[in-house]
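Q: Before we start, here is the structure in question, set down as structure tokens.
The values are calculated or read from the model by the stated rules, or taken from the named source; none is laboratory data. Please read all numbers here as calculations on a predicted model, not as lab measurements. Because the Cβ atoms are built from the backbone with ideal geometry, glycine has one as well, and the counts that use them run over all protein chains shown. To get the accessible areas, we keep the full protein, side chains included, count just its heavy atoms, and leave off ligands, DNA and RNA. Shrake-Rupley method; radii C 1.70, N 1.55, O 1.52, S 1.80 Å.
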Amino acid sequence: MKVLIPVKRVIDYNVKVRVKADGSGVDLANVKMSMNPFDELAVEEAIRLKEAGKADEVVVVSIGVKQAQETLRTALAMGADRAILIVAADDVHQDIEPLAVAKLLAAVVKDEEPGLVLCGKQAIDNDMNATGQMLAALLGWSQAMYANKVEVEGDHAVVTREVDGGLQTVKVTLPTVISTDLRLNEPRYASLPNIMKAKKKPLEEKTAADLGVDVAPRLTVVKTAEPAGRAAGIKVGSVDELVAKLKEAGVV
Amino acid sequence: MSKHMTFDDDDRLAFRDSVERYIRDHADPESVMEWDERKAFPETVVKGMAEQGWFALTLPEEYGGIGNYLDMTSMLEVIASASITLARFWNINVNMVGGAIAALGADHLKSEMLPKLAEGKVRFAFALSENNSGSDASALKTRAGVGEDAFTVNGTKMWITGAQQADYILTAVRTDPNATRHDGISLVLIPCEAEGVTVTPIPLLGGHAVRTCEVNFIDVKVPRDLMVGDLHTGWKQLMPILAKERVALAAMCTGAGQAATDLAIEYCTQRQQFGRRLTAFQAVSHRIVEMQNRTDAGRLLTYHAARKLNAGQPCSREASQAKLFASDSYMQTALDGLQVMGANGYSMEYAMQRHFREAKVFQIFGGTSEIQKNIIGKELGL
Ligand SMILES: Cc1cc2nc3c(=O)[nH]c(=O)nc-3n(C[C@H](O)[C@H](O)[C@H](O)COP(=O)(O)OP(=O)(O)OC[C@H]3O[C@@H](n4cnc5c(N)ncnc54)[C@H](O)[C@@H]3O)c2cc1C
């Protein structure tokens, strides 16, 4: 079985994000970019499936600016076999919306015919949490989102999902789309030998136009703002004073 | 760390990135502080570093080594930014002793030791200094009688980092007492398990997670095939190894100096006095700018020396310049960092006190700052 993993290049989760002066978005110039952490979980899970003999090829695909190559190389260094880059933007600030991404992925799926698409539940930059679901809908496939555990057996997968208030186990028929949640696994680090080996792995480049998908945005960002800074606290002298203050603030 | 200057190509950046992640996950500030306070060697993290392949980095390719000295520099910067202990341990094991075995060792020694080193299954220390021969290292007195099959070693080595963890100590011994001081020295791997070896940790000001020890040898029998390099030529063979050590130490000072600078920036942009952030006072912000400037200048010298190592060119002068400048810079940065953080700089709650304690030793070991100046002066024909 072939596993396809979409990976997104996003601002590194350790970077202190700064909003652009004109409020049009987050400043991405000269900041560290990394693979979306949820996608890392997906890559790790796919490699584990391969190591367990449940998958025979792991293909990663990234959609966005040309620099997303670096993200694909990271995935290859982790252990993916082959990469596809779909160039759909030339400005790092241009985000491709979930529906366009899902359409592009659907086109890749038609070519590649994977038995499983494993994606992150959301990208940590815009937190859309929509691409996997849209892809399943476009393909008419089953879906199991927010996976905490994935077991592939024959023509189906048993997926334990993180849902409000607990875990839910579902059985889905392959091919299917599964999205990863935080506790699925612990992704490995790319070692230097594997980074070097990754250089020799195939990376195919296409454009959104090659796949006949219009990626023009349909959403308009009205405003981006930094969260309000935390106001300074106060010290209280006694429990009574604390209770009085809490009442004053209307929280008890 | 991307806001800081790097000279890395894509592969090295990818590697640096993966080192940063590993270190961020396994050498967080709380853990590092705890190792130091409890004098606890971070065993599991070192094992993990080996699993990541770091212990093969600069070994010959047939033992899994695929990195060069720029990779080493980049890696040590990142490791030392979180834990100087881990960086020093790596340097002694891989760069110094592993490097010596790779460059000088007989084939049987290489094939026995290097694969195990790469897997983190054998550990080394390095012993040159003695009580009465520090800067004047070639005055060493530890004596090895040369027998047909074995050496018999007697003497005491001082300040041996990681001797408690080591399986073997690469030891500079005097094999020919009648030769001139530089000509009668050999290098032997002394098994720590051997009868007559005693290791005693020395209480120090810092670097507690890997203890520095006195090592005493009484009639220790060491098989001849544990000699590294040729008989009586140890001193000459040591020189390139000590130069590589200086580059590694300079890289650590750069990484740790950067961490101290980053900490000062983070603290001083938040801390308020007189109704303003500390960085609003030019006396504070200029000091921090100088910290960064010094760190970057040290980084440039270090990468320059590492490039020469990569090219296989002699770099004794460049290595000494880098080590001298980067260690003096790190010390000054720790002093300034502590000053701009006030009492919190002096407090055990923050990492600045550790920089203050650990920076000092970089001006001492690997050849003191004065000795580096002597080396550079000699290279300049002074
Ligand atoms: C934490 C720690 C770990 C160490 N780890 C190791 C290790 O693993 N293996 C090992 O072999 N050694 C190790 N050392 C020893 C270290 O290399 C020596 O301490 C160092 O070389 C200086 O020698 P010394 O301490 O005897 O000082 P001395 O040589 O006594 O020097 C004292 C002072 O005199 C100055 N001085 C001496 N000679 C001259 C000169 N000719 N010109 C100008 N000034 C001079 C020095 O610069 C210094 O300021 C370690 C030391 C420390 C503190």
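Q: Averaged across B:52-63, how many Cβ atoms of other chains sit within 10 Å of each residue's Cβ atom? Could you put the intermediate results ahead of the total?
A: Working: counts 5, 6, 2, 0, 3, 3, 0, 0, 0, 1, 0, 0.
For peptide B:52-63, the averaged partner shielding equals 2.
Q: Here's a follow-up. So how much accessible surface do A and B hide from each other in total, probe 1.4 Å, in square angstrom to the nearest 100? Working shown, then result.
A: Values: alone 13910 and 16750 Å², together 29110 Å².
The A and B chains share an interface burying roughly 1600 Å².
Q: Give a residue-ordered list of calculated ³J(HN,Hα) values for the stretch B:243-249 (Karplus: 6.51 cos²θ - 1.76 cosθ + 1.60, θ = phi - 60°; whole Hz; x for Gly, Pro).
A: Running phi through 6.51 cos²θ - 1.76 cosθ + 1.60 with θ = phi - 60° gives 5, 5, 4, 5, 5, 5, 5 Hz.
Q: Per residue of the stretch A:44-52, what does 6.51 cos²θ - 1.76 cosθ + 1.60 with θ = phi - 60° give for ³J(HN,Hα)? Whole Hz please, x for Gly and Pro, Karplus curve as stated.
A: 4, 4, 5, 5, 5, 4, 5, 4, 7
Q: While we're on this one: Quantify how much of the Cα-Cα distance distribution of chain B extends past 25 Å, in percent.
A: Distances greater than 25 Å cover 54 percent of the Cα pairs.
Q: Modelling each spin label as a point 7 Å along the Cα-to-Cβ direction, I'd like the B:Glu266/A:Lys247 distance in nm, to one decimal.
A: 4.1
Q: In addition: In the protein assembly as shown, what percentage of the DSSP-assigned beta bridges are antiparallel, given to the nearest 5?
A: 60
Q: Just the number please: accessible area per residue for chain B, 1.4 Å probe, all protein chains included, in Å². Can you show the working numbers first?
A: Details: 16000 Å² over 382 residues.
Each residue of chain B exposes 42 Å² on average to a 1.4 Å probe.
Q: When the dipole is taken about the Cα centre of chain A, and only Lys, Arg (+1) and Asp, Glu (-1) are charged at their Cβ, what size is it in debye, to the nearest 20?
A: On the way: 32 positive and 36 negative charges, 93 e Å.
For this selection, approximately 440 debye.
Q: Please report the spacing between the Cα centers of the stretch A:175-251 and the stretch B:29-63 in Å, no decimals.
A: Cα centres, the stretch A:175-251 to the stretch B:29-63: 30 Å.
Q: Starting from the amide H of B:Arg211, placed 1.01 Å from N in the peptide plane, find each other amide H under 5 Å away whose residue is 5 or more places distant or on another chain.
A: B:Gly162
Q: Also, quick follow-up: Averaged over peptide B:18-28, how many Cβ atoms belonging to another chain are found within 10 Å of each residue's Cβ?
A: On the way: counts 10, 4, 4, 7, 4, 1, 1, 2, 1, 0, 0.
Mean partner shielding for this stretch: 3.
Q: Rounded to the nearest whole Å², what accessible area per residue is found for the stretch A:2-248 with the 1.4 Å probe? Don't skip to the end; give the middle numbers.
A: Values: 12710 Å² over 247 residues.
Spelled out: the 1.4 Å probe surface of the stretch A:2-248, per residue, equals 51 Å².
Q: Please give, to one decimal in nm, the separation of the simple spin-label points placed at B:Glu193 and B:Ser111, each 7 Å out from Cα toward the Cβ.
A: The two pseudo-label positions are separated by 2.1 nm.
Q: Still on this structure, please answer the following. Determine the dipole magnitude for the protein assembly as shown: charges of +1 sit on the beta-carbon of Lys and Arg, -1 on that of Asp and Glu, nothing else is charged, the reference point is the Cα centre, and the result goes in debye to the nearest 20. Kindly include the intermediate steps, with their values, before the conclusion.
A: Values: 71 positive and 82 negative charges, 277 e Å.
Computed about the Cα centre, the dipole is about 1320 debye.
Q: Where both residues lie in the stretch A:2-248, what percent of DSSP beta bridges are antiparallel, nearest 5? All intermediate terms of the calculation are to be shown ahead of the outcome.
A: Numbers: 18 of 45 bridges.
Given both bridge residues lie in the stretch A:2-248, the antiparallel proportion sits at roughly 40 percent.
Q: Continuing with this model, one more query. Looking only at the stretch A:90-201, where both bridge partners belong to it, what percent of the DSSP beta bridges are antiparallel (to the nearest 5)? Please list the in-between numbers first.
A: Working: 14 of 23 bridges.
Bridges in the stretch A:90-201 that DSSP calls antiparallel: roughly 60 percent.
Q: Another question about this same structure. Please build a GNM for chain A, connecting alpha carbons under 10 Å apart, and tell me which residue among A:Ala136, A:Ala89, A:Ala209 fluctuates the most.
A: Most flexible of the set in this elastic network: A:Ala209.
Q: Over the stretch A:2-248, what is the relative contact order in whole percent, taking alpha-carbon pairs under 8 Å and six or more residues apart? Before the final figure, lay out each step's value.
A: Working: 485 pairs, mean separation 59.4, N = 247.
After rounding, I find 24 percent.
Q: Here's something else I'd like to know. If you average the sequence gap of Cα pairs under 8 Å that are 6 or more apart and divide by the length of chain B, what percent do you get for the contact order?
A: Working: 688 pairs, mean separation 60.2, N = 382.
The normalised contact order for chain B reaches 16 percent.
Q: Please give the charge dipole size of chain B, origin at the Cα centre, charges +1 on K and R Cβ atoms and -1 on D and E Cβ atoms. Round to the nearest 20 debye.
A: Details: 39 positive and 46 negative charges, 220 e Å.
So the dipole magnitude of chain B works out to roughly 1060 debye.
Q: With a 1.4 Å probe on protein heavy atoms only, tell me which residues of the stretch A:1-43 lose at least 20 Å² of accessible surface in the complex relative to the chain by itself.
A: So the qualifying set is A:Tyr13, A:Asn14, A:Lys16, A:Lys32, A:Glu40.
Q: Toward the positive end of the charge dipole of the protein assembly as shown, about the Cα centre and with charges on Cβ (Lys, Arg +1; Asp, Glu -1), which of A:Ser34, B:Asn216, B:Asn310 goes farthest?
A: B:Asn216
Q: Equivalent-ellipsoid semi-axes (√(5λ), Cα gyration tensor) for the protein assembly as shown, whole Å, largest first?
A: Working: eigenvalues 494, 209, 105 Å².
So the three semi-axes of the protein assembly as shown are 50, 32, 23 Å.
Q: Spelling out what I want: for every residue of the stretch A:168-180, take phi, set θ = phi - 60°, compute 6.51 cos²θ - 1.76 cosθ + 1.60 (Karplus), and round to whole Hz; glycine and proline get x.
A: Once rounded to whole Hz, the list reads 10, 10, 10, 10, 10, 7, 7, x, 8, 10, 10, 10, 9.
Q: For the protein assembly as shown, which whole-number percentage of the solvent-accessible area (1.4 Å probe, protein heavy atoms only) is attributable to carbon and sulfur atoms? Show your work: numbers first, answer last.
A: Working: 14850 of 29110 Å².
With neighbouring chains kept in place, the figure for the protein assembly as shown is 51 percent.
Q: Same structure, new question: For the stretch A:2-248, with equal point scatterers placed on the C-alpha atoms only and solvent neglected, what are the log10 I(q)/I(0) values from the Debye formula at q = 0.07, 0.10, 0.17 1/Å, to two decimals?
A: With one equal scatterer per Cα and no solvent, log10 I(q)/I(0) is -0.28, -0.52, -1.29.
Q: For the stretch A:138-252, what does the relative contact order come out to in percent, with C-alpha contacts under 8 Å and a separation of six or more? Kindly include the intermediate steps, with their values, before the conclusion.
A: Details: 97 pairs, mean separation 20.2, N = 115.
Contact order relative to length: 18 percent.
Q: If you don't mind, another one. Please give the Cα centre distance for the stretch A:1-79 versus the stretch B:327-382, rounded to the nearest Å.
A: Measuring centre to centre over Cα atoms gives 40 Å.
Q: Residue farthest toward the positive end of the dipole of the stretch A:2-248, with Cβ of Lys/Arg at +1 and Asp/Glu at -1: which of A:Leu118, A:Thr220, A:Val92?
A: A:Val92
Q: Here is a further query. For chain B, what does the helix formula give at 222 nm: sum of -39500 (n - 2.57) over DSSP H segments with n ≥ 4, over the residue count, nearest 500 deg cm²/dmol? Each step should come with its number before you reach the end.
A: Values: 12 runs with 194 residues, N = 382.
-17000 deg cm²/dmol, from helical runs alone.
Q: Here's something else I'd like to know. Put +1 on the Cβ of every Lys and Arg and -1 on every Asp and Glu Cβ in the stretch A:2-248; which of A:Ala157, A:Trp141, A:Pro202 then has its Cα farthest towards the positive end of the dipole?
A: Final value for the positive-end residue is A:Pro202.
Q: Quick check: residue separation of B:Leu382 and B:Asn68 times 0.36 nm, minus the Cα distance between them. What number comes out in nm? Numbers along the way, then the final one.
A: Details: separation 314, 0.36 × 314 = 113.04 nm, distance 3.25 nm.
Net length gain for the segment: 109.8 nm.
Q: For B:Asn154 and B:Thr200, what is the calculated FRET efficiency with R₀ set at 22 Å and r taken between the beta-carbons, to the nearest 0.05?
A: On the way: r = 17 Å, r/R0 = 0.76.
Result of the calculation: an efficiency of 0.85.
Q: Also, quick follow-up: Going by Cα centres, the stretch A:102-136 and the stretch B:177-254 are how many Å apart?
A: 57
Q: Oh, and also: Over the Cα atoms, compute the radius of gyration (one decimal) and Dmax (the largest Cα-Cα distance, rounded to a whole number) for the stretch A:171-252, in Å.
A: Values for the stretch A:171-252 (Cα only, Rg and Dmax): 26.8, 70 Å.
Q: Need one value for A:193-200: mean number of C-beta atoms belonging to other chains within 10 Å of its residues' C-beta atoms.
A: Values: counts 9, 4, 10, 5, 1, 2, 3, 0.
Counting Cβ atoms of other protein chains within 10 Å of each residue's Cβ and averaging gives 4.
Q: Does the stretch B:263-360 classify as rounded, prolate or oblate by the C-alpha gyration tensor (a ≥ b ≥ c root eigenvalues; a/c under 1.5 gives rounded; else a/b over b/c gives prolate, otherwise oblate)? Let's see the in-between values first.
A: Working: a/c = 3.63, a/b = 2.29, b/c = 1.58.
The shape class here is prolate.
Q: Turning to a different aspect of this structure: Mind listing which GluC sites (Glu not before Pro) in the stretch B:318-382 are in a DSSP loop and have 16 or fewer other Cβ atoms within 10 Å?
A: On the way: sites: B:Glu318, B:Glu349, B:Glu358, B:Glu370, B:Glu379; in loops: B:Glu349.
Here the GluC sites (Glu not before Pro) that fit, given the DSSP loop and packing criteria, are B:Glu349.
Q: Now a separate question. For chain A, what is the calculated [θ] at 222 nm in deg cm²/dmol (nearest 500), taking -39500 (n - 2.57) for each run of four or more DSSP H residues and dividing by its residue count? Write out the running numbers ahead of the final one.
A: Values: 6 runs with 67 residues, N = 252.
Roughly -8000 deg cm²/dmol at 222 nm, from the helical runs in chain A.
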